[in-house]
1. For a Förster distance of 22 Å, can you work out the FRET efficiency between the beta-carbons of K144 and V169, rounded to the nearest 0.05?
2. Please compute, for the alpha-carbon atoms of the stretch 2-192, the extent along each of the three principal axes and give them in descending order in Å.
3. What GluC sites (Glu not before Pro) does the stretch 15-51 have in DSSP loop regions with at most 11 other beta carbons within 10 Å?
4. Could you tell me the largest-minus-smallest coordinate of the C-alpha atoms of the stretch 1-75 on each of the three principal axes, in descending order and whole angstroms?
5. Using the Cα centre of the chain as the reference point, and only Cβ charges (+1 on K/R, -1 on D/E), how large is the resulting charge dipole? Debye, rounded to the nearest 20.
6. What order, most packed first, do the peptides 105-112, 164-171 have when packing is the mean number of other Cβ atoms within 10 Å of each residue?
7. Tilt of helix 35-49 relative to the longest C-alpha principal axis of the chain, in degrees (0 to 90, nearest 10)?
8. How far is helix 69-85 tilted off the main Cα axis of the chain, in degrees rounded to 10, range 0 to 90?
Amino acid sequence: MYSLILDSATKLLYVCLVKDNKVVYESYTEGKNDHAKNIVYKVDEALKTNNITSDDLNEVVVGIGPGSYTGVRMAVAVAKMLAVFKKNIKLYTISTLKLMASGKEGIVLSMIDARRNNSFGMIIDTKKNKYIIDECLISNDELKSNDYEYEVNEGEFVVNPLYVLANKVLVNEPHLLVPNYLRDTEAERNLNA
C-alpha cells in the first residue's frame with residue numbers, strides 16, 4: 001500500500017511516500033512563498049524514484065493548516081485533485097501543527113508565525129495523542145507560558161510519517177475540503193474593518 005503525505009503550510013514543503021509502513025521517499029524543501037513551483041515536481045520525484053505512478057497510490061494525507069494562507073492551499077489543491085480524479089485514492093487530513101509535532105515524543109509546543117507576536121499554535125502530548133492546548137491563534141507569550149518538553153516551529157521540525165498515518169482523518173467528500181486557516185486573510189480583515 002502506498003501513502004503520500006503532503007504539507008505546504010510552513011516554510012518547509014514536506015513530501016513523503018510510505019510503502020507498507022516503510023518510508024521510501026522523504027523531502028523537506030525550504031521555500032520563500034514559492035511552494036507552488038516545487039510541489040508537483042517533488043510529488044513526481046517521489047513517484048518516479050519508486051517506479052510507480054499516481055495510479056499506484058492508495059491514499060493521500062494532507063496537512064490542512066493552519067499556516068501561510070497561500071501555502072496551505074498548494075498541498076490541499078494537489079491532494080484534492082489526486083483524490084477527485086483518481087477514484088481509487090482515499091483522501092485524509094492532519095493538522096499541520098500535529099504533523100510538525102509528530103517527530104517528538106512527549107509534550108510538544110508546535111507554532112507557526114502569525115505575525116504581530118502571535119502564532120498559530122498548540123501543545124500536544126504525542127505519547128497520548130492528547131491536546132493540552134487546542135489549535136488556536138494565540139500570543140507567543142501566552143503559548144510559551146505553559147509547560148512543555150519540546151518546541152517546534154515552521155522552519156525547524158522533523159515529521160514522523162507513521163505517527164501521521166496513525167492519526168489521519170478521512171475526508172468523505174474530497175471536493176468539499178477546505179484548509180483550516182484559523183483566521184480571515186489580511187484583505188478580509190481590512191475589508192471588514
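Quick note: the coordinates plus some simple rules give every number you see, no bench work behind them. This structure is a prediction, so every number in the text was calculated from the model and none was measured. Note: ideal-geometry Cβ built from the backbone for every residue, glycine included; neighbour counts use all protein chains shown.
1. Details: r = 28 Å, r/R0 = 1.27.
Result of the calculation: an efficiency of 0.20.
2. 48, 42, 30
3. Values: sites: E26, E30, E45; in loops: none.
Answer in residue order: no site qualifies.
4. Sorted largest first, the three principal extents are 31, 19, 19 Å.
5. 440 debye
6. On the way: 105-112: 21.4, 164-171: 16.5.
The most tightly packed comes first, giving 105-112, 164-171.
7. So the helix axis and the longest Cα principal axis differ by about 40 degrees.
8. 30 degrees
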